[in-house]
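One structure below.
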Amino acid sequence: METPVVVSEETKQFEYMSDCTMEFFDDLDDHKMQRSYLGILLAGKPLLVTFEKKNGDVREMLCTLNEASIPEHKRYFATDRAESTEILAVYDLQKEDWRSFRIASVQNIEYLQEEKIADMVASGV
């Protein structure tokens, strides 16, 4: 007999926040609004964003736009890029560099608990 998996209240709250966030993102009318919404979220807490790359591969990226989470010598890049409503440049916390993805390719947006973020950053995977 299998032991039932116990899910903490905190985990349930993070799952609910992620579901609501993705639902609202999907309901926005255009990529410009989606990009703006995602930018606001990323300026707060790191998010795990799942998207499809141009070559068709699906990638998960732990990313942020929170200046406090970006090394000082990398911050200049945020203002050097031309703004596009179709693409969002973000700081990848695992690769420790700037990456970008197409807004239309976003498949999921997930909030993570601090411990999981720390584990992912430490593993670099």
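A compact table of results
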quantity: At q = 0.09, 0.20 Å⁻¹, base-10 log of I(q)/I(0) for the chain (Debye sum, equal scatterers on each alpha carbon); calculated: -0.27, -1.23
quantity: Helical mean residue ellipticity (222 nm; -39500 (n - 2.57) per DSSP H run of 4+; nearest 500) of the chain; calculated: -11500 deg cm²/dmol
quantity: Rounded to 10°, Cα long-axis angle of helix 114-123 versus longest principal axis of the chain; calculated: 70
quantity: Principal-axis tilt of helix 31-44 within the chain, Cα atoms, nearest 10 degrees; calculated: 70
quantity: Rounded tilt (10° steps) of 9-27 against the dominant C-alpha axis of the chain; calculated: 40
quantity: Top of 48, 88, 28 by mean-square fluctuation, Gaussian network on the chain, Cα under 10 Å; calculated: 28
quantity: Which of 4, 38, 87, positive extreme of dipole for the chain (C-beta unit charges); calculated: 87
quantity: Exposed-site-free run, longest, the chain (rule: GluC sites (Glu not before Pro); DSSP loop; at most 14 other C-beta within 10 Å); calculated: 3-82
quantity: Of 25, 51, 14, the one that fluctuates the most in a GNM where the chain has Cα springs shorter than 10 Å; calculated: 14
quantity: Listed pairs 95/116; 54/95; 12/95; 32/116 exceeding 26 Å between Cα atoms; calculated: 12/95; 32/116
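Any read-out appearing in this document is the output of simple, stated calculations on the displayed coordinates, not a laboratory observation. Quantities reported herein were computed from a predicted structural model and do not represent experimental measurements. Note that we place each Cβ from the backbone using ideal geometry, even for glycine, and neighbour counts take in every protein chain shown.
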